[in-house]
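Let me begin by presenting the structure, written as structure tokens, before commenting on it.
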């Protein structure tokens with residue numbers, strides 16, 4: 001993952017406006033002069049993203065159709081502030097306090113989250129997502145269909161009205177609120193750490209098993225309640241490259257670089273509501289309290 005810091009920094013600064021209908025304010029000469037020598041870069045962002053199809057080709061296809069990312073109720077995804085900094089000796093970090101420390105300072109109780117604290121050292125790249133107003137950022141993620149296609153399918157036409165075969169998921173819609181999200185690229189370990197606080201609710205249909213349901217992810221119940229103005233679930237993932245048996249799996253050949261995805265924490269309360277099977281047959285609700293998941297995955301080609 002050498003060079004990942006530079007890639008991520010360039011992507012964050014340069015690619016954001018081209019990924020969406022984003023609004024950014026140009027800096028005049030005086031403003032640019034004031035930026036010189038400051039610690040890091042701040043980007044205030046408003047965006048609305050739509051993608052007709054995302055297709056992954058192996059031999060056949062896995063396709064995501066009619067994907068959109070916006071604010072709730074058809075509004076723009078807004079009130080976002082990205083703070084980007086390449087750390088020096090630890091005295092010039094220009095990003096806000098990270099993760100649980102930031103939330104505690106804003107009056108949230110997240111003591112139940114199993115966050116793994118990250119030490120920011122000289123040469124690390126830190127990208128912190130916060131709101132401009134101090135309130136959580138509202139979002140909506142919608143996917144029309146997730147479907148399979150044969151090797152003879154046509155890219156751009158992988159939906160139920162076109163070349164798609166089995167439709168795994170349809171009418172997926174997720175509303176939610178984003179708390180602090182921190183991305184740290186560590187200079188010494190060449191790893192990417194993503195630490196996020198959020199909640200979500202929505203609905204989906206799974207046509208291939210004839211089931212539909214509503215869902216909600218939060219942290220309002222149990223022994224690890226996230227108290228305060230908003231209840232947040234928590235997720236933290238560490239991504240790195242490992243070689244062969246160093247991945248901890250004897251199945252990975254020594255000469256293959258594998259992608260290691262270490263799920264350090266996924267915690268919260270998950271509600272599966274209005275579960276319907278066989279058309280309109282409601283079989284009830286399922287409530288999971290103090291759900292906590294840790295997993296270590298090694299991903300490589302075969």
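Would you pick out the residues in segment 288-300 that are exposed (fewer than 12 other Cβ atoms within 10 Å of the Cβ) and in contact (Cβ under 8 Å) with a residue 40 or more places away in the chain?
Answer for segment 288-300, where residues must be exposed (fewer than 12 other Cβ atoms within 10 Å of the Cβ) and in contact (Cβ under 8 Å) with a residue 40 or more places away in the chain: just 299.
Looking at segment 116-133, which of its residues are touching a helix residue (DSSP H, G or I) at 6+ places or on another chain (Cβ under 6 Å) and without any contact (Cβ under 8 Å) to a residue 40 or more places away in the chain?
None - no residue of segment 116-133 is touching a helix residue (DSSP H, G or I) at 6+ places or on another chain (Cβ under 6 Å) and without any contact (Cβ under 8 Å) to a residue 40 or more places away in the chain, so the list stays empty.
Select from segment 84-96 the residues that are at pLDDT below 75 and in contact with a helix residue (DSSP H, G or I) (Cβ under 8 Å, 6 or more places away or on another chain) and list them in ascending order.
So in segment 84-96, the residues at pLDDT below 75 come out as 89-96.
Across segment 84-96, the qualifying residue is only 96.
Taking the condition in contact with a helix residue (DSSP H, G or I) (Cβ under 8 Å, 6 or more places away or on another chain), in a loop (DSSP other than H, G, I, E, B) and buried (at least 19 other Cβ atoms within 10 Å of the Cβ), does residue 113 pass?
yes
Yes or no: segment 277-284 includes at least one residue that is closer than 24 Å to residue 118 by Cα and either touching a helix residue (DSSP H, G or I) at 6+ places or on another chain (Cβ under 8 Å) or modelled with pLDDT under 95 (or both). Explain how you work it out, then say what you get.
From segment 277-284, those closer than 24 Å to residue 118 by Cα are none; that's our starting set.
Within segment 277-284, not a single residue is closer than 24 Å to residue 118 by Cα and either touching a helix residue (DSSP H, G or I) at 6+ places or on another chain (Cβ under 8 Å) or modelled with pLDDT under 95 (or both).
Just for strands (runs of 3 or more DSSP E) wholly inside segment 134-245: which have at least 3 residues that are under 30 Å from residue 301 (Cα atoms), modelled with pLDDT of 95 or more and in contact with a helix residue (DSSP H, G or I) (Cβ under 7 Å, 6 or more places away or on another chain)?
Working: elements: 137-149, 164-186, 191-206, 211-218, 233-243.
Correct list: 164-186.
Quick one: residue 170 ticks every box in (1) over 28 Å from residue 133 (Cβ atoms); (2) surrounded by fewer than 18 Cβ atoms within 10 Å (Cβ to Cβ) bar one, so which box is it?
Against the list (1) over 28 Å from residue 133 (Cβ atoms); (2) surrounded by fewer than 18 Cβ atoms within 10 Å (Cβ to Cβ), residue 170 comes up short only on (2).
The values are calculated or read from the model by the stated rules, or taken from the named source; none is laboratory data. Predicted, not measured: the structure shown is a model, and the values here were computed from it. For neighbour counting, all protein chains shown are included, and Cβ atoms are generated from backbone atoms with ideal geometry for every residue, glycine included.
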